[in-house]
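Undergrad: Got a structure for you, questions after.
The values are calculated or read from the model by the stated rules, or taken from the named source; none is laboratory data. Since the model is a prediction, treat every value here as computed from it, not as a measurement. All Cβ positions, glycine included, derive from the backbone under ideal geometry; neighbour counts span all protein chains shown. With ligands, DNA and RNA removed, areas are computed over all heavy atoms of the protein, side chains included. Shrake-Rupley method; radii C 1.70, N 1.55, O 1.52, S 1.80 Å.
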Amino acid sequence: QDEGQSSNGTDRELRAPICCILGHVDAGKTKLLDCIRRSNVLGGEAGGITQQIGATYLPVENIRERTSLKAEVAIKVPGLLVIDTPGHQSFSNMRLRGSSLSDVAVVVVDITRGLERQTIESLELLKHSNVRFIVALNKVDRLYGWKTCPNAPIVKALKNQSDDVQRDFRWRVTEVVTQLMESGFNAALYYENKKIKQVVNIVPTSAVSGEGIPDLLLLLVRWVPEIMVERLTYVSTVECTVLEVNEDKDFGTTIDTVLINGALQKGDQIVVCTKQGPVTTNIRYLLTPYPMKELKVKGQGVYKHHEEVKAAQGVKISARGLQHAMAGTALIVVKAGDDLERAEAAAVHEISKIISLINDD
Ligand code: GDP
């Protein structure tokens with residue numbers, strides 16, 4: 001079952017894993033995100049990368065190109081969806097609920113500082129919500145005497161360093177491994193990790209010169225489907241989380257959502273959790289921002305309209321009655337033949353759950 005095969009032997013369709021970036025302030029979360037978003041191609045837009053709502057989608061072709069992956073190496077997922085804004089309200093709501101919309105997290109640690117207060121908080125949150133993670137041991141270029149090897153795989157970059165730098169690197173890795181152990185996690189450099197299903201992978205990176213970024217991307221699209229094939233199997237049942245409620249001058253109140261599984265269609269009946277109870281409405285527009293290079297076309301507006309959006313994607317929904325929608329709640333879709341009363345009851349349950357948790361906090 002772990003090989004991406006269903007019981008009858010046919011290949012499963014997997015969706016893109018959803019990844020969020022956590023860590024202490026100044027560890028390099030924003031910089032790392034910028035680095036992931038751009039391609040090696042100077043100037044031009046990163047091939048195929050699209051800015052989503054609150055998220056960035058990297059198609060697997062882009063990752064192959066950036067990591068010079070051989071064509072015969074299979075990748076089972078179509079891409080990677082990276083959540084842009086770790087500080088979202090919905091994240092604290094979700095923290096309260098003890099669940100998360102992310103399949104996997106990248107915890108950024110500054111190699112020159114080791115684990116810090118917010119790193120430890122992030123680790124607690126991940127442990128509590130049972131979300132697997134990778135440690136990006138960032139700022140390797142800050143090690144004294146580091147010779148920059150732009151965008152190189154980390155093992156190659158390390159081979160280029162003096163004995164002193166390698167020794168310093170080893171020492172710092174050992175420190176972080178010890179600190180992680182104190183937080184209850186076994187961890188190892190990913191290329192020395194013999195138990196990738198149990199032991200946390202550490203990827204040394206530089207968000208400035210790009211060393212180790214290929215390793216991080218490959219680990220995300222290869223290791224994640226390896227350890228959670230069930231979770232990543234595409235199903236038609238919609239799973240969608242509200243990130244944010246926005247006023248838009250063209251579309252009125254909209255909700256930014258992450259579609260985790262299934263597909264949304266224009267016109268779909270939805271039940272939204274609001275402070276005033278469940279609101280049943282219909283999707284008027286399904287929107288995503290235009291890719292950067294298309295943004296300049298005159299007269300088309302900022303958003304691209306879709307008839308259907310398939311998971312995993314970030315998507316903006318325009319509909320009536322969204323004013324009091326609650327961040328961090330599930331969006332429930334009522335397809336033909338589904339029971340509307342049951343969907344509304346599920347929304348009531350969802351609302352009371354989130355309200356009681358907010359009050360407890
Ligand atoms: P955040 O608070 O975790 O989002 O951290 P930022 O991404 O804003 O980074 C904090 C500071 O560290 C900024 O000045 C970045 O330019 C710098 N920084 C981030 N990553 C690296 C890195 O890999 N190498 C170096 N030398 N500086 C970095």
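Undergrad: Could you tell me which residue of the range 12-38 is surrounded by the most Cβ atoms within 10 Å (Cβ to Cβ), considering only residues that are among the acidic types (Asp, Glu) and within 13 Å of the ligand (Cβ to nearest atom)?
TA: Looking only at the range 12-38, we keep the residues that are among the acidic types (Asp, Glu), and these are 13, 26, 34.
Checking the rest, the ones that are also within 13 Å of the ligand (Cβ to nearest atom) come to 26, 34.
Numbers: Asp26: 14, Asp34: 12.
Among them, the one singled out is Asp26.
Undergrad: (1) open to solvent by less than 20 Å² (accessible area, probe 1.4 Å); (2) in contact with a helix residue (DSSP H, G or I) (Cβ under 8 Å, 6 or more places away or on another chain); (3) not basic (Lys, Arg): which one isn't true of Tyr191, the others all being true?
TA: (1)
Undergrad: Pairs please, first residue from the range 302-328 and in contact (Cβ under 8 Å) with a residue 60 or more places away in the chain and within 13 Å of Thr254 (Cα to Cα), second anywhere and crowded, with 21+ Cβ neighbours inside 10 Å and hydroxyl-bearing (Ser, Thr, Tyr), Cβ atoms under 7 Å, 6+ apart in sequence or on different chains.
TA: Here the result reads Val315/Thr257; Lys316/Thr254; Ile317/Thr254; Ile317/Thr257; Ser318/Thr254; Leu322/Thr254; Ala327/Ser90, each pair linking the range 302-328 to a residue that is crowded, with 21+ Cβ neighbours inside 10 Å and hydroxyl-bearing (Ser, Thr, Tyr).
Residues are listed down the side, and each one gets a yes or a no for (1) more than 22 Å from the chain's Cα centre (by Cα); (2) open to solvent by 10 Å² or more (accessible area, probe 1.4 Å); (3) within 16 Å of Pro78 (Cβ to Cβ); (4) of a type outside the set (D, E, K, R):
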site: Thr233; (1), (2), (3), (4): no, yes, yes, yes
site: Glu239; (1), (2), (3), (4): no, yes, no, no
site: Glu247; (1), (2), (3), (4): yes, yes, no, no
site: Val279; (1), (2), (3), (4): yes, yes, no, yes
site: Gln313; (1), (2), (3), (4): no, yes, yes, yes
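Undergrad: Right, here's the next one. Conditions: (1) surrounded by fewer than 21 Cβ atoms within 10 Å (Cβ to Cβ); (2) among the hydrophobic types (A, V, I, L, M, F, W, C); (3) in a helix (DSSP H, G or I). Val224 meets all but one. Number of the miss?
TA: Condition (1) is where Val224 drops out.
Undergrad: Can you find even one residue in the range 203-212 that is among the β-branched types (Val, Ile, Thr), crowded, with 21+ Cβ neighbours inside 10 Å, touching a Lys or Arg at 6+ places or on another chain (Cβ under 9 Å) and not in a helix (DSSP H, G or I)?
TA: Initial filter on the range 203-212 (among the β-branched types (Val, Ile, Thr)): 203, 205, 208.
Restricting the remaining residues to those that are crowded, with 21+ Cβ neighbours inside 10 Å gives 203, 205.
Filter once more, keeping what is touching a Lys or Arg at 6+ places or on another chain (Cβ under 9 Å): 205.
Pick out the ones that are also not in a helix (DSSP H, G or I) and you get 205.
Yes, because at least one residue in the range 203-212 is among the β-branched types (Val, Ile, Thr), crowded, with 21+ Cβ neighbours inside 10 Å, touching a Lys or Arg at 6+ places or on another chain (Cβ under 9 Å) and not in a helix (DSSP H, G or I).
Undergrad: Select from the range 102-117 the residues that are small (Gly, Ala, Ser) and at pLDDT 95 or above and list them in ascending order. Even if it seems obvious, please write down each step before you answer.
TA: Taking the range 102-117 as the starting set, the residues that turn out to be small (Gly, Ala, Ser) are 102, 105, 114.
Within the range 102-117, Gly114 is the sole residue that qualifies.
Undergrad: Only residues that are among the β-branched types (Val, Ile, Thr), over 13 Å from Val135 (Cα atoms) and within 15 Å of the ligand (Cβ to nearest atom): list them for the range 188-222, please.
TA: Within the range 188-222, Val208 is the sole residue that qualifies.
Undergrad: Hey, another quick one. Hey, any hits in the range 135-151 for a residue that's more than 15 Å from the ligand (Cβ to nearest atom) and either under 28 Å from Thr233 (Cα atoms) or not in a helix (DSSP H, G or I) (or both)?
TA: Initially, the range 135-151 is screened for residues more than 15 Å from the ligand (Cβ to nearest atom), giving none.
Looking through the range 135-151, none of the residues is more than 15 Å from the ligand (Cβ to nearest atom) and either under 28 Å from Thr233 (Cα atoms) or not in a helix (DSSP H, G or I) (or both).
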